[in-house]
1. Given the conditions (1) part of a helix (DSSP H, G or I); (2) modelled with pLDDT under 90; (3) more than 20 Å from F76 (Cβ to Cβ); (4) aliphatic (A, V, I, L, M), report the number of the one that L344 does not fulfil.
2. Does I81 fit the bill of being among the aliphatic types (A, V, I, L, M), at pLDDT 95 or above, in a helix (DSSP H, G or I) and exposed (fewer than 15 other Cβ atoms within 10 Å of the Cβ)?
3. When residues of segment 130-173 are filtered for being over 19 Å from L211 (Cβ atoms), part of a helix (DSSP H, G or I) and among the β-branched types (V, I, T), how many remain?
4. Tell me the helices (runs of 4 or more DSSP H) entirely within segment 256-327 that contain at least 1 residues that are in contact with a helix residue (DSSP H, G or I) (Cβ under 7 Å, 6 or more places away or on another chain) and farther than 22 Å from N245 by Cβ.
5. For segment 245-283, what are the residues that are of a type outside the set (D, E) and over 29 Å from the mean Cα position of the chain (by Cα)?
6. Do you know which of the residues in segment 120-129 that are surrounded by fewer than 21 Cβ atoms within 10 Å (Cβ to Cβ) and under 25 Å from the mean Cα position of the chain (by Cα) is nearest to L176 (Cα to Cα)?
7. Please verify whether Y148 is touching a residue at least 60 places away in the same chain (Cβ under 8 Å) and either out of contact with any His (no Cβ under 7 Å at 6 or more places or on another chain) or of a type outside the set (G, A, S) (or both), treating the condition exactly as stated.
8. Which condition number in (1) modelled with pLDDT under 85; (2) surrounded by fewer than 21 Cβ atoms within 10 Å (Cβ to Cβ); (3) in contact with a Gly (Cβ under 9 Å, 6 or more places away or on another chain); (4) not basic (K, R) is the one that A247 fails?
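The values are calculated or read from the model by the stated rules, or taken from the named source; none is laboratory data. Predicted model, so just to flag it, every value in this text is computed and none were measured. Cβ placement follows ideal geometry from the backbone for every residue including glycine, while neighbour counts extend to all protein chains displayed.
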Amino acid sequence: MSFVVIILLIVLAFLPATLSFQKKIHHKSLFAWAIIIETIKPLSTIAIPFAFNPSMLDGVMYNYIALSFLYYIVIFAFYYILIRLVPASYNIYPHFLKGRTRIGWVFIALSAIFFIVLVVSSGGVFLLDPRKGYQYHREGVGFVWAFYILSVGAAYYFFVIKQPINTTKVVVFTILMFFTGSKQLILEVFIKSFLVYIWSGIKIKKWQIALGSIVLVILMLKLFDQFGSGENFLNRVDRYFEFMNLASLVFEDYEAGLLDFQNGNITLTSLWSYVPRMLYPEKPYAYGTTYLVEIYFPGLAATGRTPSFGMLTHEFVDFGWLAPLAAVLLNLTLLLKIFSLVILCTNAKLSRRWTIAALAFVLIPGFGFHLPVVFIAIFAFIILPSFFVKRASSGKFHVIQTYDSCK
């Protein structure tokens with residue numbers, strides 16, 4: 001029975017990729033691969049634990065699976081509706097907008113400044129051991145860490161997305177993201193670079209795939225703190241699926257009629273993410289997703305240890321069975337990413353600002369990571385477009401054309 005449930009979950013999760021066969025989708029490879037890649041991580045965190053330990057899929061956790069089914073159906077519906085509504089262009093070529101190359105160096109300089117602040121504030125830990133810096137030394141300078149990621153991502157926009165991609169650039173930006181201490185961000189560089197290759201129509205050579213795989217494994221294991229660790233690797237991996245046990249606590253309370261639904265309170269507390277602790281030291285430690293940690297483990301959030309309860313669990317405590325819809329409608333970053341992918345893959349007839357922003361949301365590694373969505377929207381729709389040059393004669397943006405990646 002668990003095998004059938006997992007297969008059905010996988011089918012629903014990848015269902016939006018089938019929309020690449022729609023007539024309006026011109027860049028079919030980019031559309032399908034972007035959805036598949038972005039879906040694999042959240043899907044694997046659900047499917048793998050159940051596949052290796054079917055006993056997890058008890059009566060209580062069927063609620064979690066049901067929520068996941070509904071969530072992926074909602075995602076499919078949003079993609080389908082947007083594709084139907086968007087004013088597609090039947091131009092065969094995608095367009096890259098051409099801006100000032102030196103702006104990329106400005107963002108490299110900004111990222112260097114932010115990194116120096118991180119190194120100084122951590123006593124050199126971010127330089128010598130980025131993972132420990134990420135885990136133990138972001139307190140009070142979390143916004144600096146987030147702006148470092150944003151600056152590196154903006155430089156990636158001008159050096160990799162706007163210009164022809166190559167292996168050297170990918171390696172350089174992988175190293176820059178390595179110093180964030182985040183495994184997810186290193187993986188993001190490889191994923192987004194793969195999508196850029198597809199978007200630009202540049203073929204990836206076998207030696208590039210082999211080299212990239214080796215570098216990725218080494219860096220991920222390094223940040224996983226496996227080198228020199230006395231603990232078994234599988235035991236360390238097992239802790240990443242701890243959220244299943246935590247999620248079961250919530251659904252056990254639900255089945256017993258003991259769950260205290262928050263009726264939107266968790267979502268409201270997430271507004272604290274807009275307030276830097278450096279400016280307001282009394283900022284609570286339990287807000288947004290960490291609010292649920294405080295409910296079940298009082299005081300734990302203040303220690304910096306905030307275990308995950310899994311996808312949709314927070315929304316379920318907040319909105320009950322409306323969680324799948326709320327998880328999409330209230331996630332502005334997700335909505336912008338969905339809309340951006342549709343824009344790029346249909347060559348939608350929208351403003352240049354939308355095209356510039358769409359490239360950022362779909363192709364920049366870690367874009368918006370740990371930053372409020374309002375700020376990211378301002379950066380994507382106002383700040384980024386301001387760097388692009390208009391022709392004096394026509395007032396139009398310079399553009400360069402690339403080969404269609406889906407011929």
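1. (3)
2. On the way: among the aliphatic types (A, V, I, L, M): yes; at pLDDT 95 or above: no; in a helix (DSSP H, G or I): yes; exposed (fewer than 15 other Cβ atoms within 10 Å of the Cβ): yes.
Spelling it out, it is not the case that I81 is among the aliphatic types (A, V, I, L, M), at pLDDT 95 or above, in a helix (DSSP H, G or I) and exposed (fewer than 15 other Cβ atoms within 10 Å of the Cβ).
3. Here the count works out to 4.
4. Numbers: elements: 265-269, 290-296, 313-319.
Fully inside segment 256-327 and qualifying: 265-269, 313-319.
5. Quick first cut of segment 245-283, residues of a type outside the set (D, E) only: 245-251, 254, 256-259, 261-281, 283.
Correct list: Y254, A256, G257, L258, L259.
6. Of everything passing the filter in segment 120-129, L127 is nearest to L176 (Cα to Cα).
7. Numbers: touching a residue at least 60 places away in the same chain (Cβ under 8 Å): no; either out of contact with any His (no Cβ under 7 Å at 6 or more places or on another chain) or of a type outside the set (G, A, S) (or both): yes.
The answer is no for Y148.
8. Condition (2) is where A247 drops out.
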